[in-house]
Amino acid sequence: MEEIKRTAADGYSPLTLAFIGDGVYDLLVRDYLVRKANRPVGELNKIKVSLVNCESQAAFAKDLMPCLSEREQAVYKRGRNAAPKSASKHGTLADYHSATGLEALFGYLHINGEQERINELFSLIIENQDCQ
């Protein structure tokens, strides 16, 4: 088993990683939608909300699990398990926790400057592809 080295992001709480990861993920979705089609803002927001909600993010996290390294899975689980004991209005508690794990992963990668990996994972989400 390969030794896992500590990184800058390891010093942050999982909920702090999820906080920044939420913004990273949201910006990726917005950027993708604007580049895909020039539409009225109301339409863009409606589509964005369908991709940035706990139910969708939980499904995306499940799809990504086979693509994640051991370290990335550990970060995801840390975020999922640290989620506050409250749920969003539009999803189950389990979905909320999974979404928090996905956001923590994106925050972790962002703090560590792993933009290429962020883009790779986001592409897998958007294009609904299997891991290579």
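Across the options Asn112, Leu33, Met65, the greatest Cα extent toward the positive end of the charge dipole of the chain (unit charges at beta carbon of Lys, Arg, Asp, Glu) belongs to Leu33. Available extension along the chain between Glu116 and Tyr32 is 28.7 nm, counting 0.36 nm per residue and deducting the alpha carbon span. Set the Förster distance to 30 Å, then compute FRET efficiency between Asn45 and Glu127 from the Cβ-Cβ distance, nearest 0.05. My answer for the efficiency is 0.85. Estimated from helical segments only, the mean residue ellipticity of the chain at 222 nm is -22000 deg cm²/dmol, where each DSSP H run of four or more residues counts as -39500 (n - 2.57). Highest mean first, the peptides 7-16, 32-41 sorted by other C-beta atoms within 10 Å per residue fall in the order 7-16, 32-41. Projecting the Cα atoms of Tyr76, Pro14, Leu93 onto the charge dipole of the range 10-127 (Cβ charges, centred on the Cα centre) puts Leu93 farthest toward the positive pole. Under the convention that each Lys and Arg Cβ holds +1 and each Asp and Glu Cβ holds -1, the size of the dipole of the chain around its Cα centre is about 460 debye.
Projecting label points 7 angstrom from Cα along Cα→Cβ for Leu15 and Thr92 puts them 2.3 nm apart. Here r is the Cβ-Cβ distance between Glu55 and Ala8 and R0 is 22 Å; the resulting FRET efficiency, rounded to 0.05, is 0.10.
Scattering from the C-alpha atoms of the chain alone, worked out with Debye: what is log10 I(q)/I(0) at q = 0.20, 0.22 1/Å? The Debye formula, applied to the Cα set alone, gives -1.19, -1.39. Peptide packing: for 19-29, 92-102, 65-75, the average count of neighbouring Cβ atoms within 10 Å per residue gives the ranking 92-102, 19-29, 65-75, highest mean first.
Just so you know, all these numbers are worked out from the coordinates, no wet-lab data involved. Quick caveat: nothing in here was measured; it's all calculated off a predicted structure. For neighbour counting, all protein chains shown are included, and Cβ atoms are generated from backbone atoms with ideal geometry for every residue, glycine included.
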